[in-house]
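Scroll down for the structure; my scribbles are underneath it.
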Amino acid sequence: MGIGRHVDLRELAGRIRAIEERHDASAAHSFIDEPTKDHIPTGWPETDAALGGGLAAGGLHEWFGVDNPPGRESAGSAARSLGHRWTPPLCILVHLAWQAAERPSSQPWTVWIGKHCHPYPRVLIRGRERGLLDRSLFVAPRDAASRLWAIDLALRSPAVGCVVADGGGFDRAATQRIQLLARNQTKAVFSACPPRQQDELSAAQTRWRVCAAPPPGKKSSNGIEPRWIVELLRCKGMRPVQAHRKWLLEWNRAQGAIHLSARLADPAGSSEKHVQRADPVPLQHRTA
């Protein structure tokens, strides 16, 4: 009887391992390797063309903010109270939230998780359009673990179409959890991350670096629409050509939107030396 029991348990263990291997292979193919066919257009034609239509509607997209020198934190940012010395790209995140909300198939609510990525309410209004503001929910968890839990709940809600979150402190396991769930629910998560996390492993669908661009010519930045250079660090499933990895963007205050700058310059040229940059990203993180 002892021998028969030993054989049965060994056979059962083998069957369980076979089931787990099939499940893992299926999950990896469905959620990681298979390219998405549903996109959120960024509204920047050249960027959308390079991405094959826009950002994946189901996935995690990380946007690394701009470093602030000590004592120069933004007065309107929650960074001061939290002790951070970086500025999240809130204008870009608001623009992308509008793009996600305007998709015909999108659910109505946008959830903003983490005080560091809470924009001023006025920024969420476009002219007389208050749709994004009226259907935004602001959540302020205490720590990274609570933020991860809130993101998980938001993605599982049938009323939520988009999540904008503070990704500070998330490790590889946390980003993989968000990526898999966002892919499964076909919902986008736009994550604002500190520049110091660029070197850390992540399962995000795309990763972007944001740099503050100087005003054109010798003009002062006062009265000039703010501009940024955004660089695509990684995009799963495709390898955009090197020339299409950087774009110059400009905030339009009147429209409350971000457009490709009409004064588009070569980001690799002389203007780039004045750009406030984050730490360089190793080569292994620049590839798709």
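Is it the case that Gly169 is open to solvent by 50 Å² or more (accessible area, probe 1.4 Å) and at positive phi? Yes.
Just so you know, in segment 146-195 the residues that are among the hydrophobic types (A, V, I, L, M, F, W, C) and without any contact (Cβ under 8 Å) to a residue 24 or more places away in the chain include one that is farthest from Asp67 (Cα to Cα), and it is Leu153. Does Trp109 fit the bill of being touching a Leu at 6+ places or on another chain (Cβ under 9 Å), of a type outside the set (Gly, Ala, Ser), at pLDDT 90 or above and open to solvent by less than 30 Å² (accessible area, probe 1.4 Å)? So Trp109 fails the test. In the set (1) touching a Leu at 6+ places or on another chain (Cβ under 7 Å); (2) open to solvent by less than 50 Å² (accessible area, probe 1.4 Å); (3) of a type outside the set (Phe, Trp, Tyr), the condition left unmet by Pro121 is number (2). Within segment 139-150, identify whether any single residue is closer than 16 Å to Phe190 by Cα, open to solvent by less than 70 Å² (accessible area, probe 1.4 Å) and in contact with a Gly (Cβ under 6 Å, 6 or more places away or on another chain), and answer yes or no. Yes, segment 139-150 contains at least one residue that is closer than 16 Å to Phe190 by Cα, open to solvent by less than 70 Å² (accessible area, probe 1.4 Å) and in contact with a Gly (Cβ under 6 Å, 6 or more places away or on another chain). Exactly one of these conditions fails for Arg183: (1) among the charged types (D, E, K, R); (2) open to solvent by 70 Å² or more (accessible area, probe 1.4 Å); (3) in contact with a Ser or Thr (Cβ under 8 Å, 6 or more places away or on another chain). Give me its number. Only one criterion is unmet by Arg183, namely (2).
Among the residues of segment 192-211 satisfying the criterion of being charged (D, E, K, R) and closer than 17 Å to Arg177 by Cα, which is modelled with the highest pLDDT? Among those residues, the one meeting the criterion is Arg207.
The values are calculated or read from the model by the stated rules, or taken from the named source; none is laboratory data. Treat the numbers as computed from the prediction; the structure is a model and nothing was measured. We place every Cβ from the backbone using ideal geometry, glycine too, and count neighbours over all the protein chains shown. SASA here: full protein model, heavy atoms, side chains in, ligands and nucleic acids out. Shrake-Rupley method; radii C 1.70, N 1.55, O 1.52, S 1.80 Å.
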